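Undergrad: If you scroll down you'll find the structure; I have some questions about it.
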Amino acid sequence: MGTVDGRVVIVTGAARGLGRAHALAFAAEGAKVVVNDLGVERDGTPGTSDAANEVVEEIRGAGGEAVANAADVADWDQAKAMIHQAVDEFGRLDTLVCNAGFLRDRMLAGMSEDEWDTVTRVHLKGHFAPARHAIEYWREQSKAGNEVVARVVNTSSGAGLAGSIGQGNYATAKAGIALLTIQQAAEWGRYGVLANAIAPDARTRMTEGVFYSSDIPDGFDEKAPENVSPLVVWLGSSDCDVTGRTFENTAGQLNVCDGWQKGPIESVGARRMTVTEAGDLARASIAGERAPQPVHGAQ
């Protein structure tokens, strides 16, 4: 028996890269998988959904169970229908892995409204909408007296944790996803739902031009997306006993990432500070705290 034997899992953006690796890993560990992918290109322009069907056939060919889904995860009604498809097809839903997204990179000073809106929509709303409909199902199950052991796995990014030059739309959305994870964990634990996120470091369509084949050492591809999937499967399993955390994950290693923490408090006492004092206190508080992570791509 696998670590997720019998669980029903939705993986969004599952036709290629990380999503494909996650779907195959879940299936290999015994899960029934809904393989979601709209079939768009790297920049979100129309493509084909055939790749989702190819992943389904690969899972079935290995003896697993899977169905394809071509929903736009940021569309409210389509996201709802995707949740219903999992329940109708397999009788339940246990795990939701939100992974879908695309890039439209540009420096903020030249970014268009459409480039901002489309990227934040697919990443941020594309995480919220499926999870919102999933929690509706799980909450109803909990209120009906049924045991719920549900898991949500979100996909943030190193860009969302530290920023990334030329990717302000993407980084902002990924930062929002990290906070969304904390919010979900705080609100949904009462219904038997644990929520966590990953910030993966892997070679996919979205990192083309960043990681090259020359980066692969003999015998082990450190940037292969399959290296990230074991953590995702564990976070999506009933064995997972943590919630509200984000993990960086690459190769054979991972680390938890702390969120915003309060730094040292500096005060002038029980009176209103002056403008000059405000600057002095700000510098003093910063001096007592670790420097933030450098923004990716910054000089």
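The values are calculated or read from the model by the stated rules, or taken from the named source; none is laboratory data. For clarity, every value in this text was computed on a predicted model and none was experimentally measured. Glycine gets a Cβ as well: all are built from the backbone with ideal geometry, and neighbour counts include every protein chain shown.
Undergrad: Is there any pair with a first residue in segment 81-110 that is without any contact (Cβ under 8 Å) to a residue 24 or more places away in the chain and a second that is surrounded by 23 or more Cβ atoms within 10 Å (Cβ to Cβ) and not in a loop (DSSP other than H, G, I, E, B) whose Cβ atoms are under 9 Å apart and which are 6 or more apart or on different chains, and what are they?
TA: What qualifies is 81/69.
Undergrad: Of the residues that sit in segment 193-223 and are under 23 Å from residue 103 (Cβ atoms) and modelled with pLDDT of 95 or more, which one is surrounded by the fewest Cβ atoms within 10 Å (Cβ to Cβ)?
TA: 199
Undergrad: Now, a different point. Collect the residues in segment 152-186 that are under 28 Å from residue 241 (Cβ atoms), part of a helix (DSSP H, G or I) and under 12 Å from the mean Cα position of the chain (by Cα), keeping them in residue-number order.
TA: 158, 160, 174, 175, 176, 177, 178, 179, 180, 181
Undergrad: Being outside any loop (DSSP other than H, G, I, E, B), among the charged types (D, E, K, R) and at pLDDT 95 or above is true for just one of 190, 271. Which residue is that? Reasoning before the result, please.
TA: Details: 271 fails: outside any loop (DSSP other than H, G, I, E, B).
Result: 190 is the single residue among 190, 271 that is outside any loop (DSSP other than H, G, I, E, B), among the charged types (D, E, K, R) and at pLDDT 95 or above.
Undergrad: Yes or no: segment 159-176 includes at least one residue that is over 24 Å from residue 297 (Cα atoms), hydrophobic (A, V, I, L, M, F, W, C), touching a residue at least 60 places away in the same chain (Cβ under 8 Å) and in contact with a strand residue (DSSP E or B) (Cβ under 6 Å, 6 or more places away or on another chain).
TA: Within segment 159-176 (the criterion being over 24 Å from residue 297 (Cα atoms), hydrophobic (A, V, I, L, M, F, W, C), touching a residue at least 60 places away in the same chain (Cβ under 8 Å) and in contact with a strand residue (DSSP E or B) (Cβ under 6 Å, 6 or more places away or on another chain)), the answer is no, since none of the residues qualifies.
Undergrad: Starting from segment 249-261, take each residue that is under 14 Å from residue 293 (Cα atoms) and at pLDDT 90 or above and list its partners that are hydrophobic (A, V, I, L, M, F, W, C) and surrounded by 15 or more Cβ atoms within 10 Å (Cβ to Cβ), counting only C-beta distances under 8 angstrom and pairs at least six apart or across chains.
TA: Sorted first by the residue in segment 249-261, then by its partner, the pairs are 257/161; 257/178; 257/199; 257/247.
Undergrad: With respect to residue 25, determine if the residue is closer than 18 Å to residue 235 by Cα, touching a helix residue (DSSP H, G or I) at 6+ places or on another chain (Cβ under 6 Å) and either outside the structural domain of residue 102 (by TED's automatic domain parsing) or at pLDDT 95 or above (or both). Before the answer, list the steps.
TA: Values: closer than 18 Å to residue 235 by Cα: yes; touching a helix residue (DSSP H, G or I) at 6+ places or on another chain (Cβ under 6 Å): yes; either outside the structural domain of residue 102 (by TED's automatic domain parsing) or at pLDDT 95 or above (or both): yes.
Against the criterion (closer than 18 Å to residue 235 by Cα, touching a helix residue (DSSP H, G or I) at 6+ places or on another chain (Cβ under 6 Å) and either outside the structural domain of residue 102 (by TED's automatic domain parsing) or at pLDDT 95 or above (or both)), residue 25 qualifies.
Undergrad: Still on this structure: In segment 67-78, what count of residues is obtained for those that are part of a helix (DSSP H, G or I) and in contact (Cβ under 8 Å) with a residue 40 or more places away in the chain?
TA: 1
Undergrad: List pairs: first in segment 115-142 and of a type in the set (Lys, Arg), second crowded, with 19+ Cβ neighbours inside 10 Å, Cβ under 8 Å, 6+ apart or cross-chain?
TA: From residues that are of a type in the set (Lys, Arg), the pairs are 121/74; 125/74; 132/79.
Undergrad: Scan 27, 23, 81, 52 and give me the residue that is in a helix (DSSP H, G or I) and surrounded by fewer than 18 Cβ atoms within 10 Å (Cβ to Cβ).
TA: Details: 27 fails: surrounded by fewer than 18 Cβ atoms within 10 Å (Cβ to Cβ); 23 fails: surrounded by fewer than 18 Cβ atoms within 10 Å (Cβ to Cβ); 52 fails: surrounded by fewer than 18 Cβ atoms within 10 Å (Cβ to Cβ).
Being in a helix (DSSP H, G or I) and surrounded by fewer than 18 Cβ atoms within 10 Å (Cβ to Cβ) holds for just one of 27, 23, 81, 52, which is 81.
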